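Below is one structure, written out as structure tokens; the observations come after it.
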Amino acid sequence: MVITFCVLFLYQTVSLHAFTIANETNLRTQLFNASRYNANVRPEQMLTVQIMFNLLTVNELSIKDQSFEVSGWLTMIWEDGRLRWNEDEYGRVKFIFASQSELWRPALVISNAVKQFEVIEDEYTPLRISNNGRITWEPPGIYKVSCTPDITYYPFDTQTCHLTIQSWGYSLLELNVSALDLGINLMEFQENGEWDLIDNETKVDQSTDAKNDEYGQLLFCFKLRRKSQYYWLNMLLPVIVNSVLTALVFALPAESGEKMGYSLTTLLSFAVLLTLISDKIPSTSTSTSIVVVYFSVVLILGAMAVIFSTMVLGFHFRENDEPIPFCLRFLFRNILGRLVCYKKCTERSNVVPYELSENQPTDKQPVGSTIKRDMYLKREQTQLKLKSSSWVEPEDDFDWKDISKVFDTFMLRLYILIITTSTAGFLAGGSLGG
């Protein structure tokens, strides 16, 4: 019984000082008296507005349109000494709400907006007024601003875009802007399917108009990194596989009769692949992406493979009774042939070093004659050296088919080297951008 009485007593005591319509009506009548408050007069000669951007999500970063769109709301706080009251005099009312038409509010704009460039306003969002004269306004919005991207390392690129808020009409001597807390709030942030938000920063800056008047600015900077898993599976991997298949055209023997058809098929398949992925590549001329350079290299290699395959087939099916020009024989036999180790490595590995000594017996010359024995040893050593050298092969054994095989082997190794180097360079450049 005693406990019930205490609870009822406390309830009656609190209710006497709780919110009532009469208390707030009296307070509003007192605060917004025409003789006391004018919404067209700023609170102070030099007023500072604290601003924080609450990011909800990154909607889009368009490379083609060079625009950046985000959703969120702004938290703006300033103080107005005319709107202070003693809460004990008005039933302990600690705060009230008002519309933007009833209060003075700072004129702010998104200076780099590409859509709806106008003073920030929202008639449906009330302004919260505390008893200490502190006003808090949180208008939401979808903000689309300009952003100049750099696609050099696409699709491993990292972009930095900013949202710029600037005072409008009030110069820096009358109104200044500053960051509230860290400037950017990510408590309600939801991740984007294409971009990762890896960093954010808030900067205070100034701008000067044609009349040399300075205005306060606040920049909310967002650093984004593109998610590359999609591009790996749908764009890069097919191109790398196609480049490897292009090199294998020189591993196909000319006798198979499929060499030219294979080279044309790989070239056409890459052309079809380019038509499928062309809409995914950003269309801009401000910078050139390394992926475009890589695709161009693969395309040129595919086109040149058709030309080189034609040359290989021309050498292979040429009649052997047609003489080989000296320069062509020297190029493919003594230069390219040695580079690809055509037939020479096998012959050199089969040569067994053999040195005749004076104490080793031989049955091909008389033992009694020392002079004849020395001459025979020198002749045998000379013949062994000539036999083990790489240029004693008769020229009649090197024909047009050998030229085609040397050319095929050399181009296969050259293509593998170029494709491996260009792919490694592309991936290394992409890792720098990411």
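Taking Thr310, is it in contact with an Asp or Glu (Cβ under 9 Å, 6 or more places away or on another chain) and either in a helix (DSSP H, G or I) or surrounded by 11 or more Cβ atoms within 10 Å (Cβ to Cβ) (or both)? Spelling it out, it is not the case that Thr310 is in contact with an Asp or Glu (Cβ under 9 Å, 6 or more places away or on another chain) and either in a helix (DSSP H, G or I) or surrounded by 11 or more Cβ atoms within 10 Å (Cβ to Cβ) (or both).
Looking across Phe97, Phe53, one residue alone is hydrophobic (A, V, I, L, M, F, W, C), at pLDDT 90 or above, more than 30 Å from Gln206 (Cα to Cα) and part of a strand (DSSP E or B). It is Phe97.
Scanning the range 313-343 for residues being surrounded by 19 or more Cβ atoms within 10 Å (Cβ to Cβ) and part of a helix (DSSP H, G or I) gives a total of 5.
Can you say whether Leu267 is in a helix (DSSP H, G or I) and open to solvent by 10 Å² or more (accessible area, probe 1.4 Å), as far as the supplied structure shows? Taking the combined requirement at face value, the residue satisfies it.
Does Tyr37 meet the test of being touching a helix residue (DSSP H, G or I) at 6+ places or on another chain (Cβ under 8 Å) and either outside any strand (DSSP E or B) or open to solvent by 30 Å² or more (accessible area, probe 1.4 Å) (or both)?
Spelling it out, Tyr37 is indeed touching a helix residue (DSSP H, G or I) at 6+ places or on another chain (Cβ under 8 Å) and either outside any strand (DSSP E or B) or open to solvent by 30 Å² or more (accessible area, probe 1.4 Å) (or both).
For the range 159-183, a residue qualifies if it is open to solvent by 40 Å² or more (accessible area, probe 1.4 Å) and closer than 19 Å to Leu197 by Cα, and the qualifying residues are Thr160, His162, Leu182.
Residues in the range 72-88 that are among the aromatic types (Phe, Trp, Tyr) and part of a strand (DSSP E or B): Trp73, Trp78.
Across the range 228-270, the number of residues qualifying as over 24 Å from the mean Cα position of the chain (by Cα) and aliphatic (A, V, I, L, M) comes to 12.
Taking the range 214-233 as the region of interest, how many residues are open to solvent by less than 70 Å² (accessible area, probe 1.4 Å) and assigned to a helix (DSSP H, G or I)? Break it down stepwise before answering.
Start the filter on the range 214-233 by keeping residues that are open to solvent by less than 70 Å² (accessible area, probe 1.4 Å), which leaves 215-222, 224, 226-228, 231.
Next cut, assigned to a helix (DSSP H, G or I) only: 231.
Result for the range 214-233: 1.
With respect to Leu61, is the statement that it is open to solvent by 20 Å² or more (accessible area, probe 1.4 Å) and over 21 Å from Ser101 (Cβ atoms) true?
So Leu61 does not fit the description; no.
Here the condition is being in a helix (DSSP H, G or I), loosely packed, with under 15 Cβ neighbours inside 10 Å and at pLDDT below 90; of Ser283, Ser278, it holds for Ser278 alone. Selection of strands (runs of 3 or more DSSP E) fully inside the range 102-188 by the criterion of at least 3 residues being farther than 25 Å from Glu214 by Cα and under 24 Å from the mean Cα position of the chain (by Cα) returns 158-167.
For the range 65-74, the count of residues that are open to solvent by 90 Å² or more (accessible area, probe 1.4 Å), modelled with pLDDT of 85 or more and under 37 Å from the mean Cα position of the chain (by Cα) is nonzero. The residue that is farthest from Glu138 (Cα to Cα), among those in the range 78-127 that are hydroxyl-bearing (Ser, Thr, Tyr) and open to solvent by less than 70 Å² (accessible area, probe 1.4 Å), is Tyr90.
Residue selection: Val291 fails the criterion of being open to solvent by less than 50 Å² (accessible area, probe 1.4 Å) and in contact with a helix residue (DSSP H, G or I) (Cβ under 6 Å, 6 or more places away or on another chain). Of all the listed residues (Leu273, Leu237), the sole one being farther than 20 Å from Met411 by Cα, open to solvent by 70 Å² or more (accessible area, probe 1.4 Å) and either in a helix (DSSP H, G or I) or at pLDDT 90 or above (or both) is Leu237.
The values are calculated or read from the model by the stated rules, or taken from the named source; none is laboratory data. Computed from a prediction, not measured in an experiment: that's the story for all the values here. Glycine gets a Cβ as well: all are built from the backbone with ideal geometry, and neighbour counts include every protein chain shown. Protein only, heavy atoms only, side chains kept; ligands, DNA and RNA dropped before computing areas. Shrake-Rupley method; radii C 1.70, N 1.55, O 1.52, S 1.80 Å.
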